[in-house]
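Notes follow the structure.
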Amino acid sequence: MPRLAFLLPLALSALLGTASATDEYRVGDRLPQAKAKPDAKSSYQTIRWEALVPEGWDPARDLRGINLAMLNDGDRRATEALEKMKKAWDEAPVEPAWNGQRVRLPGFVVPLERVKEDVTEFLLVPYFGACIHVPPPPANQIIHVFPAKPVKNLRTMDAVWVIGVLDTTRSEALKGGNEAMGMAVAGYRMTAEQISPYKGPAR
Amino acid sequence: MSHWLLLAAKSAWNRRLTLGLTVLAVALSVVLLLGVERVRSDAREGFTQSVSGTDLIVGARTSAVQLMLYTVFRIGEATNNMRWDAYQELARHPLIAWTIPLSLGDSHRGFPVLGTTPGYFEHFRYGDSRPLAFAAGKPFAELFDAVLGAQVAEALGYRMGDRIVLSHGIGGIGLPEHADKPFVVSGILQRTGTPVDRTVHVSLAAIQAIHLDWQGGAPVPGFSIPAQYVRKFDLTPKEITAALIGLHSRAAVFKMQRYIDDYKGEPLMAVLPGVALDELWRVVGVAENTLLAVSGMVVLVGLTGLVAVVLAGLNERRREIAVLRAVGASPRGIFLLLTTEGLLVTALGCVLGILLLLALTVAAAPLAQSRYGVALHPRVISLAELRLLALVIAVGVLASLIPGYRAYRLSLADGLAPRL
């Protein structure tokens, strides 16, 4: 009998699941990504987060044009260029070519809506801790995901693989909205067919 | 196999008193184990259902969990307020689709009073994005109108047009009352199964009006402004407790959160309800797991008792077993007989436990709802509970192998004339 006494607590902890996977990551960590390549066998392509940034978009363009060594201390032009970069960052554009594409990419979860305990709407971000302490990612590095069916056991900052169809059109709430606002809220949406826990290479 | 079951049942019936008590012990431990799991899952579900469609909760700087607890669940109290003009400025931000100001701090016979705007009834969502619906009446239009949650109306027996008096502060009896400015019930909401049911809703201007002649949390002695003259004064709120925010695009939530956290006018914070809820579960999870482990131990104690009773009965039954052997039962049959008995007791205990728990849930549901705001759903069994129950039965069978094995050995050694 004493031997049996071990069984229940052991089995209980196995049932409840051990510590969550989030403990392994630190703020700012990104998930190791696969090389971008069209997958021959399946109808989706695995992409990198960088692919969501339109080619040629460079928020720091103005800053690069300045030779910092030639400026006086406290130069107005340096500050202006920095401000411009921050503004460009805030109004990050999306790459329209992704509209309707079926893709697969890894990221961290920020849950928005739940029914019972299952997540029905969440944001996918490229690095750990995006909702706390660190500056937010630009709009083209956030995907608003609508799972096809509610996802069980999904918690804040869980790492997942998501497969789904991207949508780059603006949300319907913006029809008739002003132009500045439209700029500010352009972003990616996704109808996700499959969401699976991220199992990456050993860290 | 089936004749062993019959034999085991008949033999057990002979010792029904001791075995009956063992069944009861197992049943009670099962009630505890499943009860903990049931309250846990129902409380979680209740919390998750209480807020939907809200992108950010804004308030004075405190902990994210605390801000969410008092704004959405009316648990605990605010450490500080935010200024009305700061709220106004935020509400004009182009990313924001709607805002709901919340002013807490008063109560009515133990139910929290919420000062807000009619926009609350339009924008607030719960459960699966469901809007609030009126069972009777409409949102407050007059200054001293109040809209009651379903449970407030039911528990206190209020109808449309009744007059109610608010108290200053939250909690016990003997709170100072705003007796000179009674409110009229203008609407009653339909049941939602969320803290809204326990809330009395009034306008922000009314909150301002009932505190006009108050200073430092008490009425100014010998001075009062009659209800009919309060409109002569400026009833614009000076501060609110917190605000709920909805955005045009949910993907902009980090940008807005950053903007509010960096707001220069006064120290504010914004939290995502989903994230704060997860944080709460992480904290509460430790206590939940401890409770579950303790109730698991209690089940073990119950099953140990079962083994002890069957083992103790074994000595009295050596003759019975000898007779069975004499009429042709194999030692394996004896083993089966004893193990089946253990399984029967465990299974009966589980069934009795489920029934007891069902009765208990039905009986305790109204109290849990009104006292703690936790909606317990009477049900026979859920999937998670079924898994726990399967575990209990598996351990019960394992434990029953012990008396089975012992009887097997004895039946081999004893022969027909056991020395007693």
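The values are calculated or read from the model by the stated rules, or taken from the named source; none is laboratory data. Worth saying up front: this structure is predicted, and the values here are computed from it rather than measured. Using ideal geometry, Cβ is built from the backbone for each residue, glycine included, and neighbour counts are taken over all protein chains shown.
Can you tell which of B:V310, B:V301 is exposed (fewer than 15 other Cβ atoms within 10 Å of the Cβ), in contact (Cβ under 8 Å) with a residue 12 or more places away in the chain and within 24 Å of B:L28 (Cα to Cα)?
Values: B:V310 fails: exposed (fewer than 15 other Cβ atoms within 10 Å of the Cβ).
When all the criteria are applied, what remains is B:V301.
The single condition from (1) in contact with a Ser or Thr (Cβ under 8 Å, 6 or more places away or on another chain); (2) farther than 20 Å from B:R191 by Cβ that B:P94 fails is (1).
Residue-level analysis places B:T340 among those that are modelled with pLDDT of 85 or more, over 30 Å from A:V94 (Cα atoms), out of contact with any Gly (no Cβ under 7 Å at 6 or more places or on another chain) and of a type outside the set (G, A, S). Selection of region B:245-275 for residues being of a type in the set (G, A, S) and crowded, with 20+ Cβ neighbours inside 10 Å yields B:S249, B:A251, B:A252, B:A270, B:G274.
Residue-wise test of (1) on the phi < 0 side of the Ramachandran plot; (2) among the hydrophobic types (A, V, I, L, M, F, W, C).
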residue: B:S129; (1), (2): no, no
residue: B:G161; (1), (2): no, no
residue: B:D180; (1), (2): yes, no
residue: B:T192; (1), (2): yes, no
residue: B:V202; (1), (2): yes, yes
residue: B:Q208; (1), (2): yes, no
residue: B:V220; (1), (2): yes, yes
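In region B:64-120, of all residues being of a type in the set (F, W, Y) and either part of a helix (DSSP H, G or I) or within 14 Å of another protein chain (Cβ to nearest Cβ) (or both), the one that is nearest to B:V202 (Cα to Cα) corresponds to B:Y120. Going by what's in this entry, would B:G222 be described as in the same structural domain as B:E77 (by TED's automatic domain parsing) and closer than 26 Å to B:Y120 by Cα? Judged against the criteria, B:G222 is not a match. Residues in region B:122-137 that are in a strand (DSSP E or B) and not small (G, A, S): B:R125, B:Y126, B:R130, B:P131, B:F134.
For region B:239-334, the helices (runs of 4 or more DSSP H) that sit wholly inside it and include 1 or more residues that are facing chain A (nearest Cβ under 9 Å) and touching a strand residue (DSSP E or B) at 6+ places or on another chain (Cβ under 7 Å) are B:253-261, B:273-316. Return a yes/no flag: does region B:104-127 have any residue that is loosely packed, with under 15 Cβ neighbours inside 10 Å and under 17 Å from B:I170 (Cβ atoms). Within region B:104-127, one or more residues are loosely packed, with under 15 Cβ neighbours inside 10 Å and under 17 Å from B:I170 (Cβ atoms).
So, B:P131, is that one over 21 Å from A:P111 (Cβ atoms), crowded, with 18+ Cβ neighbours inside 10 Å and in contact with a Phe, Trp or Tyr (Cβ under 8 Å, 6 or more places away or on another chain) or not?
No; evaluated as a whole, the condition is false for this residue.
From the list B:R61, B:R40, which one is of a type outside the set (D, E), modelled with pLDDT of 90 or more and under 31 Å from the mean Cα position of the chain (by Cα)? Spell out how you get there, then give the answer.
On the way: B:R40 fails: modelled with pLDDT of 90 or more.
Just a single option satisfies the conditions, and that option is B:R61.
Residues being more than 38 Å from the chain's Cα centre (by Cα), more than 15 Å from B:H178 (Cα to Cα) and in a loop (DSSP other than H, G, I, E, B): count how many of those fall in region B:219-238. Result for region B:219-238: 2. The strands (runs of 3 or more DSSP E) found entirely in region B:138-218 that carry 1 or more residues being more than 27 Å from the chain's Cα centre (by Cα), of a type in the set (V, I, T) and at pLDDT 90 or above are B:183-189. Is it true that B:L343 is within 30 Å of B:S50 (Cα to Cα) and either free of Cβ contacts under 8 Å to residues at least 60 places away in the same chain or assigned to a helix (DSSP H, G or I) (or both)? For B:L343, the condition - within 30 Å of B:S50 (Cα to Cα) and either free of Cβ contacts under 8 Å to residues at least 60 places away in the same chain or assigned to a helix (DSSP H, G or I) (or both) - is not met.
In a residue-by-residue description of region A:108-120, the property of being more than 10 Å from every other protein chain (Cβ to nearest Cβ) and modelled with pLDDT of 90 or more applies to at least one position.
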